[in-house]
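Here is the structure we will look at, set down as structure tokens.
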Amino acid sequence: MSVELFAGVLVNDYEAALGWYERLFGSPPTFIPNDTEAVWELAEHRYVYIEHRPGRGGHALHTVFVDDLDARVEGITDRGLKPANRETYANGVRKITYHDPDGNEIGFGGAPAQF
């Protein structure tokens, strides 16, 4: 079975969100399908997109599980974004959460830290 995932994030201010997500993901969008959307491919066939919908932004809640959590967070920090929250669950799984200008929550999760 083939799976393609498009996870949408509604935003109030497209230009502010575009710049913020470029810093979060470390690149410009993979493609821009129209004047109100921008799409980033995070992994093969797995995308996050923003869509300009004034008055509807701020309610998204997405978590992306990555192999390189520490390196990912370091890169995001180097691009000027700071986490809103850091959590470590009882099983050692970690989650770092960011909030975009509208308050949408984008988290990155990772396996327990290796010492």
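Is it the case, given these coordinates, that GLY57 is under 18 Å from HIS99 (Cβ atoms), small (Gly, Ala, Ser), surrounded by 14 or more Cβ atoms within 10 Å (Cβ to Cβ) and in contact with a Leu (Cβ under 9 Å, 6 or more places away or on another chain)? Before you say what the answer is, go through the steps one by one.
On the way: under 18 Å from HIS99 (Cβ atoms): yes; small (Gly, Ala, Ser): yes; surrounded by 14 or more Cβ atoms within 10 Å (Cβ to Cβ): yes; in contact with a Leu (Cβ under 9 Å, 6 or more places away or on another chain): yes.
Answer is yes for this residue.
Taking only pairs six or more apart or across chains, which ones have beta-carbon atoms under 6 Å, a first residue in segment 31-60 that is of a type outside the set (A, V, I, L, M, F, W, C), and a second residue that is part of a loop (DSSP other than H, G, I, E, B) and modelled with pLDDT under 95?
Between residues of segment 31-60 that are of a type outside the set (A, V, I, L, M, F, W, C) and residues that are part of a loop (DSSP other than H, G, I, E, B) and modelled with pLDDT under 95, the close pairs are HIS45/GLU4.
Filter segment 70-115 down to the residues that are at pLDDT 95 or above and among the aromatic types (Phe, Trp, Tyr) and list them by number.
Of everything in segment 70-115, those that are at pLDDT 95 or above and among the aromatic types (Phe, Trp, Tyr) turn out to be TYR89, TYR98, PHE108.
Within segment 13-35, how many residues are open to solvent by 40 Å² or more (accessible area, probe 1.4 Å), assigned to a loop (DSSP other than H, G, I, E, B) and of a type outside the set (D, E, K, R)?
4
Counting only residues that are part of a loop (DSSP other than H, G, I, E, B) and open to solvent by 30 Å² or more (accessible area, probe 1.4 Å), how many does segment 64-115 have?
Count: 19.
The values are calculated or read from the model by the stated rules, or taken from the named source; none is laboratory data. All values derive from a computational prediction rather than experimental measurement. Heads up, the Cβs are rebuilt from the backbone with ideal geometry, glycines too, and the neighbour counts pull from every protein chain shown. Surface accessibility is based on the protein's heavy atoms, side chains included, excluding ligands, DNA and RNA. Shrake-Rupley method; radii C 1.70, N 1.55, O 1.52, S 1.80 Å.
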